[in-house]
């Protein structure tokens, strides 16, 4: 392996959002993330923000050119059944995810946010 003099680290996806309150309600209320920070150049400008849960960090942007709505990401998880149980108890009326066992030996559960962005939680078997 050729030494490059640098090392890549984690990826932070950016999801396009259209309503900060809906994003916060979904990601903090339903998925249990926490809001780390929000940035807005001035009042009545789009918001850029970060949420996190354990080691998973997501960025959200209301800025038109930052990203397209309807993106999809995969998040590796340990304990997918526990996440499923937690989400099932919340009775969120816009999402009823289920765990699927895939032919490539993972357990997967997809959740779609209010803006069409998809998070596919997966656990290797």
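Identify, please: which residue in region 37-58 is over 15 Å from the mean Cα position of the chain (by Cα) and not in a loop (DSSP other than H, G, I, E, B) and is, among those, farthest from residue 75 (Cα to Cα)?
39
Inside region 72-96, can you point out the residues that are at pLDDT below 95 and part of a loop (DSSP other than H, G, I, E, B)?
Of everything in region 72-96, those that are at pLDDT below 95 and part of a loop (DSSP other than H, G, I, E, B) turn out to be 91, 92, 93, 94, 95, 96.
Looking only at residues that are surrounded by 15 or more Cβ atoms within 10 Å (Cβ to Cβ) and touching a helix residue (DSSP H, G or I) at 6+ places or on another chain (Cβ under 9 Å) in region 54-94, which one is nearest to residue 120 (Cα to Cα)?
Filtering region 54-94 for residues that are surrounded by 15 or more Cβ atoms within 10 Å (Cβ to Cβ) and touching a helix residue (DSSP H, G or I) at 6+ places or on another chain (Cβ under 9 Å), the one nearest to residue 120 (Cα to Cα) comes out as 77.
Being farther than 18 Å from residue 29 by Cβ and not in a loop (DSSP other than H, G, I, E, B) is the filter here; which residues of region 110-125 pass it?
Passing the criteria: 110, 118, 120, 122, 123, 124.
So residue 15 clears everything in (1) under 17 Å from residue 61 (Cβ atoms); (2) in a helix (DSSP H, G or I) except one condition, right? Which one?
Unmet for residue 15, out of (1) under 17 Å from residue 61 (Cβ atoms); (2) in a helix (DSSP H, G or I): (2).
Going through region 15-53 one residue at a time, which ones are at positive phi and surrounded by 13 or more Cβ atoms within 10 Å (Cβ to Cβ)?
Selection gives 32 alone.
Checking residue 98 against (1) surrounded by 12 or more Cβ atoms within 10 Å (Cβ to Cβ); (2) free of Cβ contacts under 8 Å to residues at least 24 places away in the same chain, only one condition comes out false. Which one?
Residue 98 satisfies every listed condition except (1).
Of the residues that sit in region 19-36 and are in a strand (DSSP E or B) and within 15 Å of residue 47 (Cβ to Cβ), which one is nearest to the chain's Cα centre (by Cα)?
Filtering region 19-36 for residues in a strand (DSSP E or B) gives 34-36.
Keeping just the survivors that are within 15 Å of residue 47 (Cβ to Cβ) gives 35-36.
Values: 35: 12, 36: 14 Å.
It comes out as 35.
The values are calculated or read from the model by the stated rules, or taken from the named source; none is laboratory data. All of these numbers come straight from a predicted model, not from anything done at the bench. Reconstructed Cβ throughout: ideal geometry from the backbone, glycine too, with neighbour counts over all protein chains shown.
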